[in-house]
Structure formats: C-alpha cells, structure tokens
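For reference, the structure is listed below as structure tokens.
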Amino acid sequence: MNGSWVYDYVTTVGPRTFNPNTQQTNIYVQDAAMAAAVDVINNSPDILPYTTVKIKRFSDCGSYAFTGYAPGYAMSVMATEIGEKHTDVIGVTGVESSITAKGTAEVFGNYQIPYCGAMSASPVLSDKEKYPYFFRVVASSGLGNHVSTLLKAWNVTRMAIVVQTDDLASSAFGTDVRKAMERQKIDVIDVINIKAPLTKDTVKFVLSRF
C-alpha cells in the first residue's frame, strides 16, 4: 500500500482463502463484479465511447482487516487522499458499512466526487443536504412502508421492533419502520434495543419481553 492506495491488489484467490462466510470474501466478490462491469464498459462502443475507465483501489481500514466497526482515522485519510492526491479519480464505488460510508460520503461530497455505495443501506444516507453525491443500489428509505403494507394485508394490529442500537443501519431502519407503523395505525407495543454480538442471552432477553 501507498497511503490508502492499494496499488498491488491481488485479483485471484485460492480455495483455502475463499470463505463465503467472511466479510473479506464479500468485498472480494463485489470488487470482481465492479471490475467485470468496467471490462464491459471498456469493450463496448456504445457505453462511454472514446473513454477508457481505469480502476484504482483504496483501503479505509489502513493495514488492518475489516472488523465491522467504523475505521475512523483510516477512513478519513482515505477519503482526503482521494480528493486531494488522486485527482484522476472521478467516481467511487465501494462496499462500506453505513457507519463508515456516513463519513466518506460527506467528504466525497465536499470534493464533488460521486460515490455509489454497494452495501450502505441506512436511511440516514438518503439526506441529500449532507450527502449530495452519494447514491446506492440497495433498498433504504421507505422500507417501513413495504413492511407496514404487508402487515396490514395480514390484518396485523400489534407488533414489536428489535433494534441493534450500535449499528447505524439497524437503528435508522427501526425508526423508519416505527413511523410507517404509526401511519398505518399498527400499534408498536415495544422497541427492544440490543447490541452486537448476538448471543443466547440476548435472544433469551428478547423473548422474555413477549
């Protein structure tokens, strides 16, 4: 790595390191899909003609592996380096959790760099005042409307919501769902707040509330 720039990225992995249950593998697969899309663009006479798209890869984790928590300083270094040192970058896509994308999307907005989030689902990121250059290909704001419509069709009148409070996406979705239930006149009898990791004791705690 050179700063946050991963200039020696290895595009092939062996079967021993390809574990579908890890976040690292998920990121690798997403990266491969993005690279395939770039190949399609560069080999098509109809998509961005007379233009060659090149890929630069960056890490928001520093030299460490992804843990699921916001990387903090490493994330801010990456976003700033892209905006100030890698001025040939005209767009960004990545597999960041919502809590991480919240920071990078705001910085990229300041540099007017479009940012497509492949995994960042929190409704918080739909605020175009704070994140004017952020967009995504996953469902976000409005999920509660779909859930409430389904429950209404099933004649459900009361429900409870379990929220992971230390996860930005979960907490924001919890608020979105609760507001949708209020509009549909479905009573939310309890909002149960939990934190990761999910343990047997946590499950017992949730079940004890009913």
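The values are calculated or read from the model by the stated rules, or taken from the named source; none is laboratory data. Since the model is a prediction, treat every value here as computed from it, not as a measurement. A quick note on method: Cβ atoms are made from the backbone with ideal geometry, for glycine too, and the neighbour counts reach across all protein chains shown.
Check whether at least one residue in segment 22-32 is more than 23 Å from G91 (Cα to Cα), at pLDDT below 90, outside any helix (DSSP H, G or I) and touching a Phe, Trp or Tyr at 6+ places or on another chain (Cβ under 8 Å), and report yes or no. Give the derivation first.
Step one: of segment 22-32, the residues more than 23 Å from G91 (Cα to Cα) are 22-23, 25.
Filter again for at pLDDT below 90, leaving 22-23, 25.
The next check asks that each one be outside any helix (DSSP H, G or I); those that pass are 22.
Next cut, touching a Phe, Trp or Tyr at 6+ places or on another chain (Cβ under 8 Å) only: none.
There is no residue in segment 22-32 that is more than 23 Å from G91 (Cα to Cα), at pLDDT below 90, outside any helix (DSSP H, G or I) and touching a Phe, Trp or Tyr at 6+ places or on another chain (Cβ under 8 Å).
What's the number of the only condition in (1) surrounded by 18 or more Cβ atoms within 10 Å (Cβ to Cβ); (2) at pLDDT 85 or above that M119 fails to meet?
Failed condition: (2).
How many of the residues making up segment 122-138 are modelled with pLDDT under 90 and hydroxyl-bearing (S, T, Y)?
Qualifying residue count for the region: 2.
Each row is one residue, and each column tells you yes or no for (1) surrounded by 14 or more Cβ atoms within 10 Å (Cβ to Cβ); (2) polar (S, T, N, Q).
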residue: K128; (1), (2): no, no
residue: R136; (1), (2): yes, no
residue: W154; (1), (2): no, no
residue: T157; (1), (2): no, yes
residue: V177; (1), (2): yes, no
residue: Q184; (1), (2): yes, yes
residue: I189; (1), (2): no, no
residue: T199; (1), (2): no, yes
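Per-residue answers, yes or no, for (1) among the small types (G, A, S); (2) modelled with pLDDT of 90 or more; (3) outside the structural domain of I186 (by TED's automatic domain parsing):
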{"residue": "A153", "(1), (2), (3)": "yes, yes, no"}
{"residue": "V156", "(1), (2), (3)": "no, yes, no"}
{"residue": "M159", "(1), (2), (3)": "no, yes, no"}
{"residue": "V162", "(1), (2), (3)": "no, yes, no"}
{"residue": "L168", "(1), (2), (3)": "no, no, no"}
{"residue": "F173", "(1), (2), (3)": "no, no, no"}
{"residue": "D176", "(1), (2), (3)": "no, no, no"}
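Among the residues of segment 114-163, what is the count of those that are closer than 23 Å to Q23 by Cα, assigned to a loop (DSSP other than H, G, I, E, B) and not hydroxyl-bearing (S, T, Y)?
Of the residues in that region, 6 qualify.
Could you grab me the full set of residues in segment 164-187 that are under 17 Å from S120 (Cβ atoms) and either part of a helix (DSSP H, G or I) or in contact with a helix residue (DSSP H, G or I) (Cβ under 6 Å, 6 or more places away or on another chain) (or both)?
Those that are under 17 Å from S120 (Cβ atoms) and either part of a helix (DSSP H, G or I) or in contact with a helix residue (DSSP H, G or I) (Cβ under 6 Å, 6 or more places away or on another chain) (or both): Q164, L168, A169, S170, S171, A172, F173, G174, T175, D176.
When you go through D176, D166 one by one, which is the residue that is in contact with a Leu (Cβ under 7 Å, 6 or more places away or on another chain) and of a type in the set (D, E)?
Result: D176 is the single residue among D176, D166 that is in contact with a Leu (Cβ under 7 Å, 6 or more places away or on another chain) and of a type in the set (D, E).
Could you list, ordered by first residue, the pairs with Cβ atoms under 6 Å in which the first is in segment 79-90 and at pLDDT 95 or above and the second is assigned to a helix (DSSP H, G or I) and surrounded by 16 or more Cβ atoms within 10 Å (Cβ to Cβ), at least 6 apart or interchain?
Matching pairs, first to second residue: V89/I82.
Check off (1) crowded, with 18+ Cβ neighbours inside 10 Å; (2) out of contact with any helix residue (DSSP H, G or I) (no Cβ under 6 Å at 6 or more places or on another chain) for I99 and give me the number that stays unchecked.
(2)
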